[in-house]
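S.K.: Pasting in a structure now, in structure tokens, and then I'll have a few things to ask.
Every read-out reported here was derived from the displayed coordinates using simple, explicitly stated rules and does not represent laboratory data. In this text, all values refer to a predicted model and were calculated from it rather than measured experimentally. Here the Cβ is made from the backbone with ideal geometry for all residues, glycine too, and neighbour counts use every protein chain on show.
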Amino acid sequence: MLKIKNLTCGYESGFFLKDITFDVGDGELMGIIGPNGSGKSTLLRAIGRVLKPRRGEILLKGKEIGRMKFRELARRISVVSQSPEQIMLNFTVKEYVLLGRTPYRKRFQILESKTDDRIVAEAMSLTDVAYLAERGFGELSGGEKQRAIIARALAQEPELLLLDEPTTHLDIGHQVEILDLVKKLNREKNLTVIVVLHDLNLASLYCNHLLLLKEGKIHSMGSPEEILTYSVIEEVYKTPVVVEKSPVSFRPLICLVPGKEMGRDT
Ligand code: ADP
Ligand code: MG
């Protein structure tokens, strides 16, 4: 589905992702993890073509994304970015989700088509926001907003969905709700998903593959069992942890260790 070869990109400020190479298979649910500032959002921005590579290639099903017209790119890749969307507060939920259909509009087309209506209804039903259709986007709670944002992303009918920390401002109930939804879309609609998560336990629970970034480079890639080990986490995050097996998922469960337990001053 997605092939990234020797990607180098970054900012004038001096931060660069360096020589990133990896593949994402069709139907995969891949997690990107790493400490703050390690380049997770930067990598998503490069895949969503917000940021231009300095070197290297990003291929979606064999086609360089830099060569796609904007409309083609927007029909194939949906991005749910980290910053909460402030601009759309005066839209109803339905109007907001309809924005996802923009890349399918014909020239001079003002009203939505029957197909647009059908796809928007389907996206709202999958994400359980249909009952909020006429409510203002600005009135929604955090979890409802996030579901509406994902509905908009789905209305684009993408092949690849990119999510940047979709659960960050949510309580645990809504974290599970959003990631259950992402997993359902991945499984039932065979949607390929790349999700940035900073919570290692959520990454462990929901992702089949993890890519761990450290200071702009790939530190390691593999299954949660391979990546989420005591030694890897301590090396990359510079903090001790205890890794157990979750009694619920049988996947790695990362327990934080307060300084006091380690004989450090708190
Ligand atoms: P993460 O998502 O892993 O926390 P980011 O990819 O957002 O990290 O940021 C990586 C580094 O790039 C940080 O040091 C950050 O300060 C810098 N950075 C992020 N966005 C910009 C930008 N728009 N311009 C300049 N530097 C940026
Ligand atoms: Mg980020």
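S.K.: Which of (1) within 16 Å of ligand 2 (Cβ to nearest atom); (2) within 12 Å of the chain's Cα centre (by Cα) does L160 not meet, given it meets every other one?
M.R.: (1)
S.K.: V195 is checked against (1) farther than 27 Å from D117 by Cα; (2) surrounded by fewer than 19 Cβ atoms within 10 Å (Cβ to Cβ) and fails just one. What number does that condition carry?
M.R.: (2)
S.K.: Starting from residues that are under 21 Å from the mean Cα position of the chain (by Cα) and in a helix (DSSP H, G or I), keep the ones in segment 123-133 and report whichever is nearest to K145 (Cα to Cα).
M.R.: Kept after step one, since they are under 21 Å from the mean Cα position of the chain (by Cα), are these residues of segment 123-133: 123-129.
From the residues that got through so far, the ones that are in a helix (DSSP H, G or I) too are 123-126.
Working: A123: 14, M124: 12, S125: 14, L126: 14 Å.
Checking each candidate, the answer is M124.
S.K.: What do you reckon, is Y230 touching a helix residue (DSSP H, G or I) at 6+ places or on another chain (Cβ under 7 Å), away from ligand 1 (no atom under 16 Å from the Cβ) and either farther than 30 Å from K3 by Cβ or in contact (Cβ under 8 Å) with a residue 12 or more places away in the chain (or both)?
M.R.: On the way: touching a helix residue (DSSP H, G or I) at 6+ places or on another chain (Cβ under 7 Å): no; away from ligand 1 (no atom under 16 Å from the Cβ): yes; either farther than 30 Å from K3 by Cβ or in contact (Cβ under 8 Å) with a residue 12 or more places away in the chain (or both): yes.
No; evaluated as a whole, the condition is false for this residue.
S.K.: So for segment 165-187 (the condition being over 25 Å from V24 (Cα atoms) and within 16 Å of ligand 1 (Cβ to nearest atom)), does at least one residue qualify? Give the steps one after another, and end with the answer.
M.R.: Step one: list which residues in segment 165-187 are over 25 Å from V24 (Cα atoms), which gives 169-174.
Still in the running and within 16 Å of ligand 1 (Cβ to nearest atom): 169.
Checked against the condition, which is being over 25 Å from V24 (Cα atoms) and within 16 Å of ligand 1 (Cβ to nearest atom), segment 165-187 yields at least one hit.
S.K.: For segment 102-145, what are the residues that are surrounded by 14 or more Cβ atoms within 10 Å (Cβ to Cβ) and touching a strand residue (DSSP E or B) at 6+ places or on another chain (Cβ under 8 Å)?
M.R.: Listed by number, the residues that qualify are A133, R135, G136, F137.
Yes/no matrix, rows are residues, columns are (1) of a type outside the set (F, W, Y); (2) within 17 Å of I194 (Cα to Cα); (3) surrounded by fewer than 13 Cβ atoms within 10 Å (Cβ to Cβ); (4) over 15 Å from the mean Cα position of the chain (by Cα):
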site: K5; (1), (2), (3), (4): yes, yes, no, yes
site: Y11; (1), (2), (3), (4): no, no, yes, yes
site: D19; (1), (2), (3), (4): yes, no, no, yes
site: G34; (1), (2), (3), (4): yes, yes, no, no
site: S41; (1), (2), (3), (4): yes, yes, no, no
site: R55; (1), (2), (3), (4): yes, no, yes, yes
site: I65; (1), (2), (3), (4): yes, yes, no, yes
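S.K.: Okay, next question. Show the residue pairs meeting these rules: Cβ distance below 6 Å; 6+ apart or different chains; first residue within segment 160-187 and surrounded by 15 or more Cβ atoms within 10 Å (Cβ to Cβ); second residue in a strand (DSSP E or B) and not β-branched (V, I, T).
M.R.: Taking only residues 6 or more apart or on different chains, the pairs are L161/S78; N186/L29.
S.K.: Hey, another quick one. Are any residues in segment 170-199 β-branched (V, I, T) and farther than 18 Å from A148 by Cα, and if so, which ones?
M.R.: Filtering segment 170-199 down to residues β-branched (V, I, T) leaves 172, 176, 178, 182, 192-196.
Within segment 170-199, I172, T192, I194, V196 meet the criteria.
S.K.: When segment 47-97 is examined, which residues are found to be at positive phi and more than 16 Å from ligand 1 (Cβ to nearest atom)? Spell out the reasoning first.
M.R.: Restricting attention to segment 47-97, the residues satisfying the condition of being at positive phi are 49, 56, 61-62.
Residues satisfying the conditions are G56, K61, G62.
S.K.: Consider Y230 carefully, then state whether it is more than 16 Å from ligand 2 (Cβ to nearest atom) and buried (at least 22 other Cβ atoms within 10 Å of the Cβ).
M.R.: No; evaluated as a whole, the condition is false for this residue.
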